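Read through the structure below, which is laid out as structure tokens, and then see the notes.
The values are calculated or read from the model by the stated rules, or taken from the named source; none is laboratory data. Everything numeric in this text was worked out from a predicted model, so none of it was measured. We place every Cβ from the backbone using ideal geometry, glycine too, and count neighbours over all the protein chains shown. Heavy atoms of the whole protein, side chains included, go into the accessibility calculation; ligands, DNA and RNA do not. Shrake-Rupley method; radii C 1.70, N 1.55, O 1.52, S 1.80 Å.
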Amino acid sequence: VMARCPNSSCPAQAEEKLGRDLDALQHYEQLLAQAPDIAEEIETDATARIEALMANIAVVTFVVKPEGATVSIDDVEIGTSPLPDPVRLMPGSYRLAFAMDGYVPVERTVELDPGDRPRELVKMKRVHVEPAHPAPARGATKPIIEEPTAGPSSGKGVFIAGIVFTSAFVAGAAITGT
């Protein structure tokens, strides 16, 4: 049974009833942070609701190396690593993406259950770029590249065309009776 709410906790209770656990959690936490002089009964209730809601959600900690990568969840950018706090998510499947100039982008899918507390470690690899035209070493000669020459045909194309033409001719003769 929830205690009678002051105006600041009513949104949390409504969101919780609507199944919007992440929003409810945020509002209960705001209630405790912004109203230090609330009645003990309301504080106890809000603390209990926070604990119950935390059991229903997943909390993901991202460790991305090197720092400075853009972190996205389901194509929504959530920040640049290192993120200041772990990310709270409802249970389900999420597509994670990490991008940074000069590094190979990383994408992965994570499946989260209620109460999960995974640590996602991402080690990004530098993009290896080959020079467009490497300079030849001193004294090195330029390699000679020979163009392939057209050799004699194997005749396979002519043979297959002959079979197709002959088959069509025989089929036509059988139909017309000639």
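Phi angles of the stretch 78-85 translate, via the Karplus equation with coefficients 6.51, -1.76, 1.60 and θ = phi - 60°, into HN-Hα couplings of 10, x, 10, 6, x, 6, x, 9 Hz per residue; Gly and Pro are given as x. Note on the stretch 18-107: with charges restricted to the Cβ of Lys and Arg (+1) and Asp and Glu (-1), its dipole about the Cα centre is near 400 debye. Once backbone amide H atoms are built at 1.01 Å from N, Val64 has Val122 as its partners under 5 Å, excluding neighbours fewer than 5 places away on the same chain. Phi-derived couplings, Karplus 6.51 cos²θ - 1.76 cosθ + 1.60 at θ = phi - 60°, listed residue by residue for the stretch 55-68: 6, 8, 10, 10, 10, 9, 9, 9, 10, 10, 10, x, 5, x Hz, with x used for Gly and Pro. Using R0 = 25 Å, the C-beta based FRET efficiency linking Ile73 and Gln30 works out to 0.65. Database remark: amide H of Ile57 closer than 5 angstrom to the amide H of Gly115 (H placed geometrically; neighbours at sequence offset of 5 or more, or on other chains; Pro and chain starts carry no H). Largest first, the residues Asp74, Asp37, Asp85 sort by 1.4 Å accessible area into Asp37, Asp85, Asp74.
One Cα centroid belongs to the stretch 10-58, the other to the stretch 91-115; the line between them spans 28 Å. Taking amide hydrogens as placed 1.01 Å from N in the peptide plane, the amide H of Leu112 sits under 5 Å from those of Gly92, Ser93, Tyr94, each at least 5 positions away in sequence or on another chain.
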